[in-house]
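Peer 1: Before I ask anything, here is the structure I am working with.
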Amino acid sequence: MPKPIGIFDSGVGGTSIWKEVAKMLPNENTIYLADSANAPYGEKSKEEILRLSIKNTEYLLSSGCKIIVVACNTATTNAIDYLRLHYDVPFIGIEPAIKPAALQTKTKKVGVLATKGTLSSSLFHNTSKLFADGITVLEQEGKGLVELIEAGEIDSPEMRNLLVTFLNPMLEENIDCLVLGCTHYPYLIPILKEILPSNVNIIDSGEAVARQTKTVLEQNNLLTKVNDNPEHLFYTNTDVKVLKDLVNDPTAQVSSMDF
């Protein structure tokens, strides 16, 4: 049995990354951890985010994972340096797609919707400085969005009201790119498209992360070339319903357990 790709997130949002990874790497087995009991990570201290990231990593390593995708912007920005230093497998991180937004913007105004934990991190600020020279980056904390997504309230009036409140100040500043800085947020793209004018590009990191995962597997001779029945295991430490609904894949095995 080929060793799996491990993926973890503060909850169900990282399944948006899993879908891109599974599409680009159809022969790979995967194990996904949804740490929904502790969502959102964006409200927690750096120490707590690190502790949870270590817990998730050690579970995935004990399950034989050959590479770990930290499918959470907040965990990446706060914990990935430590994880890479202390564990002997490759780690793939997620950070807001400031660079493609900076390359695409014509108005030189870019909006970033992310959690507090991501926006306040040094990695986010360093990335912004590096790629957004001469560009105004308008940051907005998406307070309450992760909780609504975890509760299955994606298309609720409360969600729409929150998004309109968050986006209007950015639109008044004439942004033409909106960077989704949390892996939960791609599930909001249908609503965002209804709220945003057509000239605003929505940018997320999913495909780029899948591409990087493939590259690193190839570089380390870890790519699975033949696997007729890839196995996709999903674990959550809360109720399975929202996770099952978002994964929406007949080949996935979704279970609830403590980890």
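Peer 1: So for region 235-252 (the condition being aromatic (F, W, Y), touching a residue at least 60 places away in the same chain (Cβ under 8 Å) and in contact with a helix residue (DSSP H, G or I) (Cβ under 8 Å, 6 or more places away or on another chain)), does at least one residue qualify? First the steps, then the outcome.
Peer 2: Step one: filter region 235-252 for residues aromatic (F, W, Y), giving 235.
Pick out the ones that are also touching a residue at least 60 places away in the same chain (Cβ under 8 Å) and you get 235.
So of that shortlist, the ones also in contact with a helix residue (DSSP H, G or I) (Cβ under 8 Å, 6 or more places away or on another chain) come out as none.
No.
Peer 1: Please enumerate the residues belonging to region 103-155 that are β-branched (V, I, T) and touching a strand residue (DSSP E or B) at 6+ places or on another chain (Cβ under 7 Å). Outline the logic, then answer.
Peer 2: First pass over region 103-155, keeping only residues β-branched (V, I, T): 105, 107, 110, 112, 115, 118, 127, 135-137, 146, 149, 154.
Scanning region 103-155 gives T105, V110, V112, T115, T118, I135, T136, V137.
Peer 1: How about region 110-137: which of its residues are in contact (Cβ under 8 Å) with a residue 60 or more places away in the chain and either in a loop (DSSP other than H, G, I, E, B) or open to solvent by less than 50 Å² (accessible area, probe 1.4 Å) (or both)? Spell out the reasoning first.
Peer 2: Applying the first criterion (in contact (Cβ under 8 Å) with a residue 60 or more places away in the chain) to region 110-137 yields 110-119.
V110, G111, V112, L113, A114, T115, G117, T118, L119, listed by residue number.
Peer 1: Hey, could you check region 54-81 for residues that are among the small types (G, A, S) and open to solvent by less than 20 Å² (accessible area, probe 1.4 Å) and say which is farthest from S16 (Cα to Cα)? Steps first, please.
Peer 2: From region 54-81, those among the small types (G, A, S) are 62-64, 71, 75, 79; that's our starting set.
Subsequent filtering for residues that are open to solvent by less than 20 Å² (accessible area, probe 1.4 Å) retains 71, 75, 79.
Values: A71: 9, A75: 16, A79: 20 Å.
Result: A79.
Peer 1: Now for a separate question. Hand me the list of helices (runs of 4 or more DSSP H) wholly inside region 147-259 holding 3 or more residues that are open to solvent by less than 30 Å² (accessible area, probe 1.4 Å) and within 30 Å of V110 (Cα to Cα). Step through it out loud before you land on a result.
Peer 2: On the way: elements: 157-172, 189-195, 206-219, 241-247.
Answer list for region 147-259: 157-172, 206-219.
Peer 1: Scan region 193-215 for residues that are of a type in the set (G, A, S) and under 27 Å from V164 (Cα atoms) and jot them down.
Peer 2: Of all residues in region 193-215, those of a type in the set (G, A, S) come to 198, 205-206, 208, 210.
Correct list: S198, S205, G206.
Peer 1: Does N29 fit the bill of being in contact with a strand residue (DSSP E or B) (Cβ under 8 Å, 6 or more places away or on another chain), of a type in the set (S, T, N, Q) and surrounded by fewer than 24 Cβ atoms within 10 Å (Cβ to Cβ)? Steps first, answer last, please.
Peer 2: On the way: in contact with a strand residue (DSSP E or B) (Cβ under 8 Å, 6 or more places away or on another chain): yes; of a type in the set (S, T, N, Q): yes; surrounded by fewer than 24 Cβ atoms within 10 Å (Cβ to Cβ): yes.
Criteria met by N29.
Peer 1: Name the single residue that is least open to solvent (accessible area, probe 1.4 Å) among those in region 82-99 being among the charged types (D, E, K, R) and under 17 Å from the mean Cα position of the chain (by Cα).
Peer 2: Step one: of region 82-99, the residues among the charged types (D, E, K, R) are 84, 88, 95, 99.
After this cut, where a residue has to be under 17 Å from the mean Cα position of the chain (by Cα) as well, the list is 95, 99.
Numbers: E95: 74, K99: 102 Å².
Checking each candidate, the answer is E95.
Peer 1: Would you mind telling me which numbered condition in (1) open to solvent by less than 10 Å² (accessible area, probe 1.4 Å); (2) part of a loop (DSSP other than H, G, I, E, B) G6 fails?
Peer 2: (2)
The values are calculated or read from the model by the stated rules, or taken from the named source; none is laboratory data. This one's a predicted model, so the numbers in the text were calculated from it and none came from an experiment. Every residue, glycine among them, receives a Cβ derived from its backbone with ideal geometry; neighbour counts consider all protein chains shown. The area values use the complete protein model at the heavy-atom level, side chains included, leaving out ligands, DNA and RNA. Shrake-Rupley method; radii C 1.70, N 1.55, O 1.52, S 1.80 Å.
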